[in-house]
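A short reminder: the numbers here are calculations on the coordinates, not readings from a lab. Note that this is a predicted model, so its numbers are computed, not measured. Reconstructed Cβ throughout: ideal geometry from the backbone, glycine too, with neighbour counts over all protein chains shown.
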There are 2 protein chains.
Amino acid sequence: MKTKKFLLQEQDIPTAWYNIVADMATKPQPMLNPGTKEPLKAEDLYPLFARSLAEQELNTTDTWIEIPEEVRDLYKNWRPTPLVRAYGLERALDTPAHIYFKNESVSPVGSHKLNSAIPQAYFCRKEGVTNITTETGAGQWGAAMSYAAQAFGLELAVYMVKVSYNQKPYRRSIMQTFGAQVIASPSMSTKAGRKILTDHPTYQGSLGTAISEAVELAMQTPNCKYVLGSMLNHVALHQTVIGLEAEKQMEMAGEYPDVVIACFGGGSNFSGLSFPFLRHKLTEGRTLRVVAAEPASCPKLTRGRFQYDFGDEAGHTPLIPMYTLGHTFAPAHIHAGGLRYHGAGAIVSQLKKDGLMDAVDIPQLETFGAARLFAETEGIIPAPESAHAIAATIREAKEAKEEGKARTILFNLSGHGLIDMTAYDQYLAGDLTNYVLPDEVLNASLNA
Amino acid sequence: MKTKKFLLQEQDIPTAWYNIVADMATKPQPMLNPGTKEPLKAEDLYPLFARSLAEQELNTTDTWIEIPEEVRDLYKNWRPTPLVRAYGLERALDTPAHIYFKNESVSPVGSHKLNSAIPQAYFCRKEGVTNITTETGAGQWGAAMSYAAQAFGLELAVYMVKVSYNQKPYRRSIMQTFGAQVIASPSMSTKAGRKILTDHPTYQGSLGTAISEAVELAMQTPNCKYVLGSMLNHVALHQTVIGLEAEKQMEMAGEYPDVVIACFGGGSNFSGLSFPFLRHKLTEGRTLRVVAAEPASCPKLTRGRFQYDFGDEAGHTPLIPMYTLGHTFAPAHIHAGGLRYHGAGAIVSQLKKDGLMDAVDIPQLETFGAARLFAETEGIIPAPESAHAIAATIREAKEAKEEGKARTILFNLSGHGLIDMTAYDQYLAGDLTNYVLPDEVLNASLNA
């Protein structure tokens, strides 16, 4: 009987996160204080972030950062996650490629987001913080953060992008069941929200706007910090547990990936799976392709510009060196709500600039077609975000077939889609479209 | 670091199902042909069920029934499932009890139902069946059967109890994503459905009615068989993979359960977890309590009558010896849709009659309170059905605390509640009530 799942035990949960910056020959450019244009220091971040997280954010020297015992203890709720050989998908594609996926969908909230939510709540709690704010796109991060906040006794307010708030009511309910306050963004509860609603009363929200609102509330609330589920270096750091486990599991499978693929929103699941493999490329010169799969409607890595930009709509954040579509970019209402963000994190942006990784952009209908084939052949209905990784995987597997050559593909199944069924309803009803970002919209946004 | 999850490898997936009937001193009484009142023979079942399943249904002699390789191969999509020590829940209850749960919620459709859906589809396919029909309450069985049907290339029609069809649209979408036809029951597509809609135009359905419709369609469709997700002996048989794995995992934990608990609808997850442990009681005289947790609104084991009754509303099925509330019983619209069934399976009914197991009935609000505490402490939002097992577990843990004595409790987390968030919304809004079945309603139903 062929092994389908490569399973680790709890003692195999990594004891340290991997900080790729320490291994990068060209470090990411520093974040800048938007007023002074000076490189940001950790203390500049303290008003907004827990100190430990601010220090992790700017740490360019320590390759390994120890995972606290309390965090590993909560990771045990669902980690290690399985590495799965997708025999069913391979058969359906009749491909010589070997397809593996890391199944992060088995987490209690259905996605990889808990990997960073738990340490962020832990460090806030440890430093005496009582309240936190955050934003969420599809609701995956908000759901994860709600559980983590509750596990460490923190009060949490979540600004949820309005289009997702309406499309994904179950995610809102999950957050509320864990005791979080959930506010549809843009809202009237912040200056940033009120301004946008005044200018555009029917605006359905974006991550950029929700970040502005969450940051504003954090700055005005006593003993309150802001937490973020993607984009930042310390989030990527926490997510490396994914790739560190996958590294061991690929060894168990007796293979090494030719290509590592993950969907791309701000970079959290992408960084998590790929950085431990990129380490072999950076430090051992190993050959390996790494591919970020982004939506054709929000293609910052494939069509954005590398420049300093704000992380949020209102311009509250530091200036970040990144591939961006412009911080006022208003993304289309595609169903992969977690991928509707205007920029890529600083580390990923530098890696892309240096040619150490690739990106592809994929139209919505191709992603749902891939999702359905995956559901039929592997039994798991993927999140619309993860479907981008599946679509990119299928492209690779078809290429391998055309070439008549084996290829080992590893992708991240960042989450399941059981709470995204509205999207599947619309797909099955033929109501979804392919929106590809027009050049003129892109240029207008970049020059805004 | 304390072990939280006891994990097996794929080679530990059981190779045979456990047939408890072979070990029972008093066998269940035979099912009867309703016309002749003669004990049913396998051939009487052939028009409705695949032959292999009909034979399993009536097998009273073979203790172990081999699991086909193709079935084990699909079990590998998610099995073995973890056994988890609920340290968080123990801490919150400040109890000396040790609480373990078998986590069946990690299956791709979120519940234990795949354990029987896959072999049922396999045997149908093997015997050349092309079409199948079934019914579903909460939608857990329908979702599982939809994937299984699709994996073996079978056409599937699912009658979904109307109240769940409306309360749980995501489950309907899941079935449709896997290619199934889904019909709200009662429907106008069958004689049984039309009769009920004529008599009670606003009737919101019951499993009994949905079974009538699915059976009727199966009997009128060429090359079509009917499949059922609970109640029947062969379903309980397939589900024993749960308990067989748990048996090994409790050994890994170095403990043996004083009490084994599962929620109870028709008996599928209950039988699955408990039968392999009851084996120790039946064959080795081991001391062990086994408790079925049912809703106070549908209390067949605690308050029903042991008698021959039909499995469906319309009286299409054989007569089954069982604890029943009457086959025309109209259950209240509680949120644990999978527990709204009038009768218990024949094996469980005999075990209960012989004092080999217990049952408790639990009001709805207690189950949601238990669910919320479990979510807060273990991070998993349970299905409303599984919440009954959690509530019964909490009662046991509190008793242990009052006695000041240790107690090892094992319960089945049959599914997660991520697709049942409407129920949690209503609970959090204070809109749910405790409906306890009144004696006069029970008596009227039993004497109907």
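Each residue in the stretch B:49-91 was checked for being within 22 Å of the chain's Cα centre (by Cα) and farther than 28 Å from B:ALA151 by Cβ, and 2 of them qualify. Inspection of the stretch A:185-196 identifies at least one residue that is in a strand (DSSP E or B) and in contact with an Asp or Glu (Cβ under 7 Å, 6 or more places away or on another chain).
Could you please let me know if A:THR377 is farther than 21 Å from A:GLY338 by Cα and touching a residue at least 24 places away in the same chain (Cβ under 8 Å)?
Details: farther than 21 Å from A:GLY338 by Cα: yes; touching a residue at least 24 places away in the same chain (Cβ under 8 Å): yes.
Yes, satisfied.
Here A:PRO68, A:PRO82 are screened, and the one residue that is under 22 Å from A:ASP258 (Cα atoms) and within 14 Å of chain B (Cβ to nearest Cβ) is A:PRO82. Yes or no: B:ASP62 on the phi > 0 side of the Ramachandran plot, of a type in the set (Asp, Glu), touching a residue at least 24 places away in the same chain (Cβ under 8 Å) and surrounded by fewer than 17 Cβ atoms within 10 Å (Cβ to Cβ)? No. All of (1) crowded, with 19+ Cβ neighbours inside 10 Å; (2) of a type in the set (Gly, Ala, Ser); (3) in contact with a Ser or Thr (Cβ under 8 Å, 6 or more places away or on another chain); (4) away from chain B (no Cβ under 14 Å) hold for A:ALA22 with one exception: (1). Taken over the stretch A:409-427, residues that are in contact (Cβ under 8 Å) with a residue 40 or more places away in the chain, in a helix (DSSP H, G or I) and farther than 14 Å from A:GLY139 by Cβ amount to 3. Yes or no: A:GLN167 within 14 Å of chain B (Cβ to nearest Cβ), surrounded by fewer than 23 Cβ atoms within 10 Å (Cβ to Cβ) and within 24 Å of A:GLU313 (Cα to Cα)? So A:GLN167 fits the description; yes. Can you find, within the stretch A:170-184, the residue that is nearest to A:SER111 (Cα to Cα) among those that are outside any helix (DSSP H, G or I) and within 13 Å of another protein chain (Cβ to nearest Cβ)? Going through the qualifying residues, I end up with A:PHE178. Anything in the stretch A:234-264 that is farther than 19 Å from A:ALA148 by Cβ and part of a helix (DSSP H, G or I)? List them, or say none. Hits for the stretch A:234-264 are A:GLY243, A:LEU244, A:GLU245, A:ALA246, A:GLU247, A:LYS248, A:GLN249, A:MET250, A:GLU251, A:MET252, A:ALA253. Every listed requirement among (1) of a type outside the set (S, T, N, Q); (2) more than 18 Å from the chain's Cα centre (by Cα); (3) away from chain A (no Cβ under 14 Å) is met by B:TRP141 save one, (2). Checked against (1) out of contact with any Ser or Thr (no Cβ under 7 Å at 6 or more places or on another chain); (2) farther than 21 Å from B:ASP258 by Cβ; (3) part of a loop (DSSP other than H, G, I, E, B), B:LEU53 meets all criteria but (3).
Is one or more of the residues making up the stretch B:109-125 outside any helix (DSSP H, G or I), within 13 Å of another protein chain (Cβ to nearest Cβ), touching a Phe, Trp or Tyr at 6+ places or on another chain (Cβ under 9 Å) and over 25 Å from B:ASN223 (Cα atoms)? Yes, because at least one residue in the stretch B:109-125 is outside any helix (DSSP H, G or I), within 13 Å of another protein chain (Cβ to nearest Cβ), touching a Phe, Trp or Tyr at 6+ places or on another chain (Cβ under 9 Å) and over 25 Å from B:ASN223 (Cα atoms).
Please verify whether A:ILE99 is more than 9 Å from chain B (Cβ to nearest Cβ), closer than 30 Å to A:GLU396 by Cα, in a strand (DSSP E or B) and in contact (Cβ under 8 Å) with a residue 12 or more places away in the chain, treating the condition exactly as stated. Talk me through it step by step, then tell me what you get.
Working: more than 9 Å from chain B (Cβ to nearest Cβ): yes; closer than 30 Å to A:GLU396 by Cα: yes; in a strand (DSSP E or B): yes; in contact (Cβ under 8 Å) with a residue 12 or more places away in the chain: yes.
Criteria met by A:ILE99.
Kindly evaluate A:THR433 against the criterion of being more than 22 Å from A:GLY243 (Cβ to Cβ), among the polar types (S, T, N, Q), part of a loop (DSSP other than H, G, I, E, B) and out of contact with any Ser or Thr (no Cβ under 6 Å at 6 or more places or on another chain). Yes, satisfied. Within the stretch B:415-425, the set of residues being facing another protein chain (nearest Cβ under 10 Å) and either buried (at least 22 other Cβ atoms within 10 Å of the Cβ) or under 24 Å from the mean Cα position of the chain (by Cα) (or both) comprises B:HIS416, B:GLY417, B:LEU418, B:ILE419, B:ASP420, B:MET421, B:THR422, B:ALA423, B:TYR424. For the stretch A:91-104, the set of residues classified as buried (at least 24 other Cβ atoms within 10 Å of the Cβ) and small (Gly, Ala, Ser) consists of A:ALA97 only. Tell me, please, whether a residue that is more than 19 Å from B:SER164 (Cα to Cα), β-branched (Val, Ile, Thr) and within 11 Å of another protein chain (Cβ to nearest Cβ) can be found in the stretch B:365-384. Looking through the stretch B:365-384, at least one residue is more than 19 Å from B:SER164 (Cα to Cα), β-branched (Val, Ile, Thr) and within 11 Å of another protein chain (Cβ to nearest Cβ). Restricting B:ALA375, B:ALA383 to residues that are surrounded by 24 or more Cβ atoms within 10 Å (Cβ to Cβ) and over 19 Å from the mean Cα position of the chain (by Cα) narrows the list to B:ALA375. Only one of the numbered conditions (1) closer than 24 Å to B:GLY139 by Cα; (2) within 17 Å of the chain's Cα centre (by Cα); (3) hydroxyl-bearing (Ser, Thr, Tyr) is violated by B:THR317, and that is (2).
Within the stretch A:1-24, being of a type in the set (Asp, Glu) and either outside any helix (DSSP H, G or I) or in contact with a strand residue (DSSP E or B) (Cβ under 8 Å, 6 or more places away or on another chain) (or both) holds for one residue alone: A:GLU10. Taking B:VAL84 and the conditions (1) touching a strand residue (DSSP E or B) at 6+ places or on another chain (Cβ under 8 Å); (2) assigned to a loop (DSSP other than H, G, I, E, B); (3) surrounded by 21 or more Cβ atoms within 10 Å (Cβ to Cβ), which numbered condition does it fall short on, given that it satisfies the others? Only one criterion is unmet by B:VAL84, namely (2).
Report, by residue number, each residue of the stretch A:282-338 that is basic (Lys, Arg) and either in contact (Cβ under 8 Å) with a residue 40 or more places away in the chain or surrounded by 21 or more Cβ atoms within 10 Å (Cβ to Cβ) (or both). Explain how you work it out, then say what you get.
To start, the set of residues in the stretch A:282-338 that are basic (Lys, Arg) comprises A:286, A:289, A:300, A:303, A:305.
Listed by number, the residues that qualify are A:ARG289, A:LYS300, A:ARG303, A:ARG305.
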